[in-house]
1. Residues B:THR144, B:THR193, B:THR123: which one is on the phi < 0 side of the Ramachandran plot and either surrounded by 20 or more Cβ atoms within 10 Å (Cβ to Cβ) or not assigned by TED's automatic domain parsing to the domain that holds B:GLY101 (or both)?
2. Report those strands (runs of 3 or more DSSP E) wholly inside segment A:6-105 carrying at least 2 residues which are of a type outside the set (S, T, N, Q) and buried (at least 17 other Cβ atoms within 10 Å of the Cβ).
3. Looking at (1) more than 14 Å from every other protein chain (Cβ to nearest Cβ); (2) surrounded by 15 or more Cβ atoms within 10 Å (Cβ to Cβ); (3) outside any helix (DSSP H, G or I), which is the one condition that is false for B:SER91?
4. I'd like the full set of residues that are touching a Gly at 6+ places or on another chain (Cβ under 8 Å) and under 30 Å from B:ARG93 (Cα atoms), limited to segment A:103-131.
5. Give A:ALA195, A:ALA207 a once-over and let me know the one that is more than 14 Å from chain B (Cβ to nearest Cβ) and in a helix (DSSP H, G or I).
6. Working only within segment B:62-87, note down all residues that are aliphatic (A, V, I, L, M), in contact with a Gly (Cβ under 9 Å, 6 or more places away or on another chain) and either in contact (Cβ under 8 Å) with a residue 40 or more places away in the chain or within 14 Å of chain A (Cβ to nearest Cβ) (or both).
7. Take A:LEU182 and decide whether it is modelled with pLDDT of 90 or more, assigned to a loop (DSSP other than H, G, I, E, B) and either surrounded by 16 or more Cβ atoms within 10 Å (Cβ to Cβ) or more than 14 Å from every other protein chain (Cβ to nearest Cβ) (or both).
8. Please count how many residues of segment A:29-47 are touching a residue at least 12 places away in the same chain (Cβ under 8 Å) and either among the β-branched types (Val, Ile, Thr) or in contact with a Phe, Trp or Tyr (Cβ under 9 Å, 6 or more places away or on another chain) (or both).
Amino acid sequence: MTKLHLRANTFTLLQTVTSVGLSALAWVVTGVRPIWNGSQPSERQRIYFANHASHGDFILLSACLSEKVRARTHAVAAAEYWGKSRLRRFIAEDMLSSVLIHRHWTDETQHPISIMLSVLDQGHSLILFPEGTRNTTDAELLPFRSGLYNLSMARPDVELIPCWIENMSRVLPKGQFLPVPLLCRVVFGPPVAIAPGEERRAFLERARQTLLSLDPRPDRDD
Amino acid sequence: MTLPPMHETVVLLVGLVGVLTTASIVAGILSWRAPKPLPSTLVNLNQRINAWWVMVVAITVAFFFGHTGMTILFALISFAALREFVTLTHSRRSDHWVLLGMFGIIIPYQYWLVWTAWYGLFTIFIPVYCFLLMPAITALNGDTERFLERVSAQQWAVMISVYCVSHVPALLTLNVPGFEGRNLLLIAFLIITVQGSDVFQYIFGKLFGRHLLSPSVSPSKTWEGLIGGLVASSLLGALLSFLTPFSPLAAAGVAFIACLMGFLGGLVASAIKRDQGVKDWGHLIEGHGGMMDRADSLVFAAPVFFHIVRYFWTV
């Protein structure tokens with residue numbers, strides 16, 4: 001059922017127009033700017049992993065990447081949500097060029113890791129939300145799912161970059177449609193890699209702590 | 001000896017470009033001779049000068065589009081200022097619709113009232129109707145967590161960023177006998193004296209500052225800076241009286257009051273930043289252009305200037 005959507009190595013016209021339009025919109029609404037704090041913009045293959053509270057998260061993160069990098073970077077999204085109707089699938093795949101994965105797969109060809117690996121093997125980068133869902137709790141960051149570990153074990157050359165997305169949950173909370181203009185930043189941290197012999201849970205918790213440590217105002221009380 | 005408006009506009013523009021060019025050249029020489037990396041004072045000076053260039057260009061462009069251009073420009077300034085203000089304050093998910101209304105309804109409607117010169121509603125729309133309806137909507141939402149704090153922050157945000165700022169283009173709606181068609185020059189007079197006063201206070205403070213005015217609020221504001229700045233900007237006001245319906249003496253007096261209000265605006269802005277600093281979320285504005293940093297004095301000066309002109313010079 002899941003088809004791989006990377007027909008060509010670059011964006012279609014629709015995807016380019018969508019990506020430029022959404023980045024411009026993100027700038028008008030949030031004045032978004034990237035803070036490179038431990039890593040630098042680069043065209044090398046990466047997995048950008050970020051906190052997730054809003055549909056706007058991936059748009060904000062993409063807006064911080066250069067046009068060239070953006071054309072080869074795909075957000076990983078849940079097929080249960082984005083594959084539900086033809087319209088949603090069209091938005092997710094044909095406009096946003098996201099990669100849809102099933103959180104609960106039945107068939108081996110739908111295995112999320114193999115789908116994501118096939119994208120990496122075409123030389124493209126991924127945007128991943130390791131919490132697995134949008135966080136609506138009071139906790140700053142939910143526990144990570146295993147995908148990040150499994151991907152990195154399979155493709156150790158791909159850099160894992162933590163990205164802290166600030167304020168987006170206030171701009172476009174879950175269940176809302178219209179964004180409130182508020183200033184946002186995305187903090188890109190130092191790459192994280194699995195240490196020799198590091199166990200899965202330990203690595204995931206370390207990656208999670210690295211992401212948390214990027215929050216520029218950790219004592220925020222909202 | 002009334003000069004024609006075109007003549008005044010040209011004199012004004014040439015004067016401003018001359019002053020800014022001189023400032024840029026001086027700052028350029030200082031930066032060139034200073035050790036690298038540049039000391040923070042010089043970085044700050046360069047940023048200020050660049051901000052003034054942007055300001056002069058934006059206002060000049062709006063100037064040539066007349067009333068509509070000025071109204072749209074200040075609506076955009078309100079948008080940027082409100083966005084900064086709301087970002088800094090506490091809000092909850094249940095505030096979403098009130099926040100949307102502040103951007104989507106209050107800004108456009110307030111500036112529509114300016115554009116159509118509906119003075120009666122312009123002065124009460126925010127302080128009466130929004131003041132009462134915004135907390136009512138928040139209460140109807142049923143989320144009482146830190147209610148008063150959230151509601152007060154929203155009121156402050158719209159009063160400062162929308163209501164006060166909208167008094168600048170509202171100067172265009174005043175009907176001063178014998179001054180018809182030249183109200184744009186009132187805006188120029190207000191902005192130049194108030195921004196000039198900021199610069200003079202800074203310079204006098206650096207040169208002669210000894211006695212801190214309010215150490216707990218701002219470590220850089222001194223009595224010497226304030227007095228020197230106010231005297232210099234009152235003189236500047238008298239020099240610029242040819243732009244206005246005021247006599248030179250009256251122009252000095254009006255400039256004095258506007259600049260005193262501007263000083264108080266800067267003081268209040270410092271107090272707000274101090275307060276947020278204690279809560280440790282102070283870095284948010286840094287690098288974002290800081291509309292409020294540039295506009296804090298104008299925000300306090302504009303409504304008072306507007307009402308002085310309206311009371312003493314209009315029919």
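1. On the way: B:THR144 fails: either surrounded by 20 or more Cβ atoms within 10 Å (Cβ to Cβ) or not assigned by TED's automatic domain parsing to the domain that holds B:GLY101 (or both); B:THR123 fails: either surrounded by 20 or more Cβ atoms within 10 Å (Cβ to Cβ) or not assigned by TED's automatic domain parsing to the domain that holds B:GLY101 (or both).
Sole residue among the options that is on the phi < 0 side of the Ramachandran plot and either surrounded by 20 or more Cβ atoms within 10 Å (Cβ to Cβ) or not assigned by TED's automatic domain parsing to the domain that holds B:GLY101 (or both): B:THR193.
2. Numbers: elements: A:33-36, A:46-50, A:73-78, A:99-101.
So the answer is A:46-50, A:73-78, A:99-101.
3. (1)
4. Our first condition is that a residue be touching a Gly at 6+ places or on another chain (Cβ under 8 Å); within segment A:103-131, this holds for A:103, A:112-113, A:116, A:128, A:130.
Listed by number, the residues that qualify are A:ARG103, A:LEU128, A:PRO130.
5. Working: A:ALA195 fails: in a helix (DSSP H, G or I).
Only one candidate passes the filter, namely A:ALA207.
6. Applying the first criterion (aliphatic (A, V, I, L, M)) to segment B:62-87 yields B:62, B:70, B:72-73, B:75-77, B:80-82, B:86.
Filter once more, so that each one left must be in contact with a Gly (Cβ under 9 Å, 6 or more places away or on another chain): B:62, B:80.
Correct list: B:ALA80 only.
7. Yes, satisfied.
8. 12
The values are calculated or read from the model by the stated rules, or taken from the named source; none is laboratory data. Bear in mind the structure is a predicted one, so any value in this text is a computation, not a measurement. Because the Cβ atoms are built from the backbone with ideal geometry, glycine has one as well, and the counts that use them run over all protein chains shown.
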